[in-house]
Amino acid sequence: MIEQYRGYEIKVYWSNIDLGYVFCIFTGDGTGIIESNVYHYEKFALMGAKETVDRYIEVKERGLDRWTI
């Protein structure tokens, strides 16, 4: 599943290695930002990805160099 969210691209996919769903977040120019840990359900991976994008944007708006998830 690929979804655009707040200017970022979220890709949620099944990982045969991890035996679960994983998300990756990319900027508009295709630069990868983060890859998640494993989720058991696709809908939870998507929710986690959106929360991560929200936190990432919030930290950027505050002008901080680093952010933790």
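The values are calculated or read from the model by the stated rules, or taken from the named source; none is laboratory data. Keep in mind that this is a model prediction, so the values were computed, not measured. Heads up, the Cβs are rebuilt from the backbone with ideal geometry, glycines too, and the neighbour counts pull from every protein chain shown. Note: accessible area is taken over every heavy atom of the protein model, side chains too, but ligands, DNA and RNA are not part of it. Shrake-Rupley method; radii C 1.70, N 1.55, O 1.52, S 1.80 Å.
Electrostatic bookkeeping for ALA49 treats Lys and Arg as +1 and Asp and Glu as -1; over the other residues with beta carbon under 13 Å from its beta carbon, the sum is -1. Per residue, how much accessible area does the chain show when a 1.4 Å probe rolls over the protein heavy atoms, in square angstrom? Per residue, the chain has 71 Å² of solvent-accessible surface.
Once all protein chains are placed together, GLU3 keeps about 50 Å² accessible to a 1.4 angstrom probe. Cross-link partners for LYS60 among the lysines, with Cα-Cα distance under 20 Å and sequence neighbours closer than 8 places in the same chain left out: LYS50. Relative to the dominant Cα principal axis of the chain, helix 42-62 is inclined by about 10°. Note on the chain: Cα-Cα pairs beyond 17 Å make up 39% of the total pair count.
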